[in-house]
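Asker: One structure, as structure tokens, below. Some questions next.
The values are calculated or read from the model by the stated rules, or taken from the named source; none is laboratory data. The shown structure was predicted, so the numbers you read here are calculated from the model rather than taken from an experiment. Cβ placement follows ideal geometry from the backbone for every residue including glycine, while neighbour counts extend to all protein chains displayed. What goes into the accessible areas is simple: the full protein's heavy atoms, side chains included, and nothing from ligands, DNA or RNA. Shrake-Rupley method; radii C 1.70, N 1.55, O 1.52, S 1.80 Å.
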Amino acid sequence: MSTTRHNGHIQKTLASIGLIAVTAGAILVPSTDDATIPVRTTPEIRGEEAAVLVVPPNVPPPITRDHATKVIINLEVVETTKRIADGVEYPFWTFGGDVPGNFLRVREGDLVEFHLRNHETSVVPHNIDLHAVTGPGGGAKATFTLPGNESVFSFTALNPGLYVYHCAMAPVGMHIANGMYGLILVEPEGGLEPVDHEYYVMQGEFYLQGGVGEQGYQSFSYEKALAENPTYVVFNGEVGSLTGDRALTARTGETIRLFVGNGGPNLVSSFHVIGEIFDNVYTGIGSTPTHNVQTTLVPAGGATIVEFRVEVPGNLIMVDHSIFRAFDKGALGMINVTGDDRPLIFDVDRD
Ligand SMILES: [Cu+2]
């Protein structure tokens, strides 16, 4: 097979799986051996703006720009000891002070200037690998950052999608197990369909020296992490992060979009909402959604978008349906739905 024919085959294959269509900017250029190869073009960058950072489970507002821009992201690593369960404290390592780290939101084609700062009170160096990056290590090597220092690198967000980011300093597993992960959304050029609520839910498991409920300060157990036997499996960094006063909220008839990530470091999540059916599940933006889904896998180091309309009032319960994790280890959150009863959809015989 000649080189030209070979490259033609590659283009055809890329087109068939949608890669060329997604870029909308692939062009053919001569290579050194006069063959043609597809390369990605990048859009014109107009203006610049600072990324909006908010606290989970909130996410920044949808992007309304119709052009690419330079987005400046300032993210700070903070090592902080906080509650992980009632009466239990854990020494977290975080992006931005919380687990998961700040939700990052950019648009397809944006040029991202990423500033990673490591707080001066940190004990160890950190970095960041963003799965939205096309380039070596997802930025990890470029962002090796000692305590009190800052690193800068830039990338173009080529592929729309919802991506995990995490620290990739050795020992990588330990940095992730301490809470160093979050999500970055690269919106497609036309944006996402409007919904009434967008929330950020990210699962992760924690390996403590003590057992479940064992009180006081508990440090990381490398032995339990190696055995993949977590003490806690939680949403958003602690047991009860999304229950009681902290439950997510909606009214009947409203639509909810959950950006669901899984930091791992080890477990795959079987994400389920008790009392609901997902109208749409997207494993990738631009992919055809799957409809009417009861439970969806969210791989470690992966993310999924689920959407549903809430129809009746009550508490919906988000779980990892590997169910001992939910009721015994913490992987449980709530959505408090208010509104009028709709007995034609759900009714209780009170006689
Ligand atoms: Cu780290």
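Asker: Per residue, what accessible area does the stretch 75-217 have, given a 1.4 Å probe and all protein chains present, in Å²?
Answerer: Each residue of the stretch 75-217 exposes 35 Å² on average to a 1.4 Å probe.
Asker: Roughly how many Å² is the accessible area per residue of the stretch 263-351, as a whole number, for a 1.4 Å probe?
Answerer: On a per-residue basis, the stretch 263-351 sits at 53 Å².
Asker: Which three extents, in angstrom, do the Cα atoms of the stretch 162-253 have along their principal axes, listed largest first?
Answerer: Principal-axis extents of the stretch 162-253 (Cα, largest first): 46, 33, 19 Å.
Asker: Under the 0.36 nm per residue contour assumption, what length would be gained going from the current alpha-carbon distance of E223 and D196 to full extension?
Answerer: Length difference between fully extended and current span is 5.3 nm.
Asker: Can you pull the percent of the chain's accessible area that's carbon plus sulfur, 1.4 Å probe, other chains left in place?
Answerer: Heavy-atom surface of the chain belonging to carbon and sulfur, 1.4 Å probe: 53 percent.
Asker: Counting pairs on different chains as well as pairs 8 or more places apart, how many Lys pairs in the chain have Cα atoms under 25 Å apart?
Answerer: 4
Asker: Grab the DSSP H runs of the chain that are 4 residues or longer, score each as -39,500 (n - 2.57), total them, divide by all residues and round the 222 nm result to the nearest 500 deg cm²/dmol.
Answerer: Computed ellipticity for the chain at 222 nm equals -2500 deg cm²/dmol.
Asker: What is the angle, in °, between the Cα long axis of helix 3-16 and the longest principal axis of the Cα atoms in the chain? Nearest 10 is fine, range 0 to 90.
Answerer: For helix 3-16, the angle is close to 30 degrees.
Asker: Continuing with the same structure: Which log10 I(q)/I(0) values, to two decimals, does the chain give at q = 0.06, 0.09, 0.13 Å⁻¹ under the Debye formula with one point per Cα?
Answerer: So the normalised log intensities are -0.24, -0.54, -1.04.
Asker: Full-extension gain between E49 and D340, please, as 0.36 nm times their residue separation minus the C-alpha to C-alpha distance.
Answerer: Once the chain is fully extended between E49 and D340, it gains 100.5 nm.
Asker: I've got another one for you. Calculate the spin-label point distance for K141 paired with T290, positioning each point 7 Å from the Cα along the beta-carbon direction, and give it in nanometres.
Answerer: Once both label points are built, they end up 3.6 nm from each other.
Asker: When the chain is fully extended, how far beyond the present Cα-Cα distance does R40 get from R309, taking 0.36 nm per residue of separation?
Answerer: Fully extending the segment from R40 to R309 adds 93.1 nm.
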